[in-house]
Each structure stands twice: as structure tokens, then as C-alpha cells.
1. It is to be established whether one or more residues within the range 178-188 are away from the ligand (no atom under 13 Å from the Cβ) and within 16 Å of G138 (Cβ to Cβ).
2. Can you tell which of E191, E173, E200, E230 is within 16 Å of the ligand (Cβ to nearest atom) and modelled with pLDDT of 95 or more?
3. Does any residue of the range 136-146 turn out to be β-branched (V, I, T) and either within 9 Å of the ligand (Cβ to nearest atom) or closer than 23 Å to P211 by Cα (or both)?
4. Does N161 fit the bill of being buried (at least 20 other Cβ atoms within 10 Å of the Cβ) and in a helix (DSSP H, G or I)?
5. I need the full set of residues from the range 247-283 which are closer than 17 Å to R133 by Cβ and over 15 Å from the mean Cα position of the chain (by Cα), in order please.
6. E145 passes all but one of (1) in a helix (DSSP H, G or I); (2) surrounded by 22 or more Cβ atoms within 10 Å (Cβ to Cβ); (3) of a type in the set (D, E, K, R); (4) in contact (Cβ under 8 Å) with a residue 40 or more places away in the chain; which number fails?
7. Residues that are out of contact with any helix residue (DSSP H, G or I) (no Cβ under 6 Å at 6 or more places or on another chain) and closer than 22 Å to K263 by Cα: list the helices (runs of 4 or more DSSP H) wholly contained in the range 177-238 that include at least 3 such residues.
Amino acid sequence: MARRMSLTRALQQVLHSWQSAGLDHWPRAAPLPQAAPEAESIDNASGAPESHVALPPAPSHSVESPELMARKSTAAARLELPVIAMAPEATQPGTREKRLAALAARVATCTRCQELASTRQKTVFGVGNPQARVMFIGEAPGADEDEQGEPFVGRAGQLLNKIITACGWTREEIYICNILRCRPPGNRLPEATEAHHCREYLNAQIAIVDPEFIVCWGTCASQNLLGSEETIGKMRGRFYTHGRAKVLCTYHPSYLLRNPEAKKPVWEDMKFLLGEMGLKVPE
Ligand code: URA
């Protein structure tokens with residue numbers, strides 16, 4: 001009996017440390033469809049020719065491996081970050097537009113990350129449809145975004161726009177934000193503490209928009225949202241869940257600019273998403 005109690009306590013501590021590190025749900029994997037649609041170039045939609053080299057196929061297993069779960073617990077325990085409170089804007093009355101505006105106003109004066117707050121030109125909160133079915137989450141603002149105060153407006157954003165168009169959408173009908181709302185100097189990777197500071201805002205944006213689907217663009221967004229340390233190559237190709245949202249992870253548009261051969265698997269991922277959404281999957 002005494003032994004069973006101590007195991008329970010140990011389990012509670014592990015769960016608490018995961019929660020402290022921002023793991024506020026249990027990501028669940030769904031399998032890939034058996035017959036995936038034929039992949040084609042994202043650039044085909046815009047008429048630009050592109051040659052493709054096939055990347056390694058996405059993993060076909062449908063559940064998280066014990067190895068991934070073990071890595072999650074180690075990472076969370078190492079961080080020892082405080083529990084993230086739910087932002088009041090997420091639950092207060094009012095339209096989604098008003099609640100997002102109130103949250104954006106608070107973000108605009110945020111100084112939780114001293115370095116970012118003292119070097120930014122503008123905070124980059126998020127844009128798009130507060131009723132969007134799909135939310136895109138990127139990494140962090142770059143120079144162009146920092147200057148304009150809007151996510152994905154630089155070169156990576158232009159490529160993202162092409163992907164949006166190829167899917168048959170407009171930028172205005174989806175919701176776009178990032179893990180961070182301030183530009184890391186020199187576009188360095190976001191620190192774990194910075195992502196943690198910004199997590200309250202991200203959680204609130206997800207709670208307010210309440211999307212059915214989330215696309216995590218790149219390793220930073222995927223690992224942070226899902227509390228994983230797995231590589232993007234292993235995370236793509238299946239759906240996870242975050243709250244009620246189905247989450248798809250794929251390569252970041254900036255990565256595609258450097259590695260055009262990765263456009264093909266991204267297009268496969270987008271067609272997988274469209275199919276899951278019950279939308280027309282382009283030929
Ligand atoms: N611009 C953004 O807003 N986010 C990214 O992740 C990259 C560029």
C-alpha cells in the first residue's frame with residue numbers, strides 16, 4: 001500500500017511538471033489515410049515551375065512512442081516553469097473581436113521578456129478571422145513583421161500566401177499568429193522562457209478563435225504547442241489534438257525557401273488537411 005501511494009505521488013509530480021511546462025492537454029495522434037492523395041507542387045498553383053526531390057516519407061505509426069513520451073517528461077521537468085494562468089480575455093464576455101482586441105492591447109505593453117521588449121519596434125499579435133476554422137501558428141516575427149506589426153509579411157509570408165491560395169483560401173479567412181509576439185534579435189530561435197512568457201497569449205488566442213484545425217509551421221511551433229521534442233520530420237503526416245482542435249505539423253515556409261524540395265511534402269500535408277476538413281482537395 002505504501003509503495004502504491006508513493007507511485008501515485010510520483011505520477012502526480014510528473015503530471016504537475018508537465019503542466020508547469022505548458023502541457024495543458026494530451027496530444028493524441030490520428031493515423032494517415034491509407035490512400036494519400038498524389039503530391040504536387042505548391043508552386044503549380046501559381047504557375048511557377050519547380051523540381052522536387054522526395055523527402056523521407058512521413059511516419060506511418062499512429063500513436064506516440066514511449067520514447068517521445070519519456071522525452072516530454074524529461075524536458076518538462078528540466079524547465080520547471082510556473083503554471084500558466086488562463087488570460088481573463090479568453091473567458092470574459094464580449095465578441096471574439098473585442099476579446100482579441102483587449103488581449104492585443106495587453107500584449108502591446110508586455111515586458112515579460114526584457115530583451116525582446118527593449119529591442120522590438122512593434123508587437124506582432126496575430127491577424128485574420130476571429131471565427132476561422134483554421135489557425136496557423138508560426139515561430140516568431142522577423143524584421144518585416146517587427147516593422148509592420150503583422151505576422152508573415154516577409155519572404156516566408158509571401159510563400160505562405162501562395163500556399164494559402166493553392167488551398168483555395170484567402171489570408172483573411174484564416175487566423176495567423178506565432179509562438180512569440182516579439183522579434184528575437186537577429187531572428188535567433190525563441191528561448192523556452194520566452195515561449196513560456198508568451199504562452200498565455202497564445203492559449204487565449206486559441207481559446208477565443210476556437211479553431212477546428214491548427215497548422216504548426218516548423219519545429220518551434222510544433223514542439224512548443226504540443227510539448228514535444230520530436231523533430232518536425234517525425235511529427236508531420238498525422239493529426240494531433242489540442243483541446244478540440246486537430247493539429248497538423250509541417251515544415252516552416254522559411255525552411256521551404258532554403259529547401260525547395262520540401263515543398264512537395266508540405267503540399268501533401270495541406271491536401272491531407274483539406275481532406276480532413278471535408279474540403280475539395282486540388283488535383
Ligand atoms: N514571420 C512570422 O510571422 N513568423 C514566422 O515564423 C516567420 C516569419
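The values are calculated or read from the model by the stated rules, or taken from the named source; none is laboratory data. All values reported here derive from a predicted model rather than from experimental measurement. Heads up, the Cβs are rebuilt from the backbone with ideal geometry, glycines too, and the neighbour counts pull from every protein chain shown.
1. Applying the first criterion (away from the ligand (no atom under 13 Å from the Cβ)) to the range 178-188 yields 185-186.
Okay, now just the ones that are also within 16 Å of G138 (Cβ to Cβ), so none.
Looking for residues that are away from the ligand (no atom under 13 Å from the Cβ) and within 16 Å of G138 (Cβ to Cβ), one finds none in the range 178-188, hence no.
2. Working: E173 fails: within 16 Å of the ligand (Cβ to nearest atom); E200 fails: within 16 Å of the ligand (Cβ to nearest atom); E230 fails: within 16 Å of the ligand (Cβ to nearest atom).
Exactly one of E191, E173, E200, E230 is within 16 Å of the ligand (Cβ to nearest atom) and modelled with pLDDT of 95 or more, namely E191.
3. Start the filter on the range 136-146 by keeping residues that are β-branched (V, I, T), which leaves 137.
The next check asks that each one be either within 9 Å of the ligand (Cβ to nearest atom) or closer than 23 Å to P211 by Cα (or both); those that pass are 137.
Among the residues of the range 136-146, at least one is β-branched (V, I, T) and either within 9 Å of the ligand (Cβ to nearest atom) or closer than 23 Å to P211 by Cα (or both), which makes the answer yes.
4. No.
5. If the condition is that a residue be closer than 17 Å to R133 by Cβ and over 15 Å from the mean Cα position of the chain (by Cα), then K271, F272, L274, G275, E276, M277, G278, L279, K280, V281 are the ones that fit.
6. (4)
7. Per the criteria, 218-226.
Let's see how each residue does on (1) closer than 26 Å to A87 by Cα; (2) of a type in the set (K, R):
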{"site": "M235", "(1), (2)": "no, no"}
{"site": "V247", "(1), (2)": "yes, no"}
{"site": "L257", "(1), (2)": "no, no"}
{"site": "K264", "(1), (2)": "no, yes"}
{"site": "F272", "(1), (2)": "no, no"}
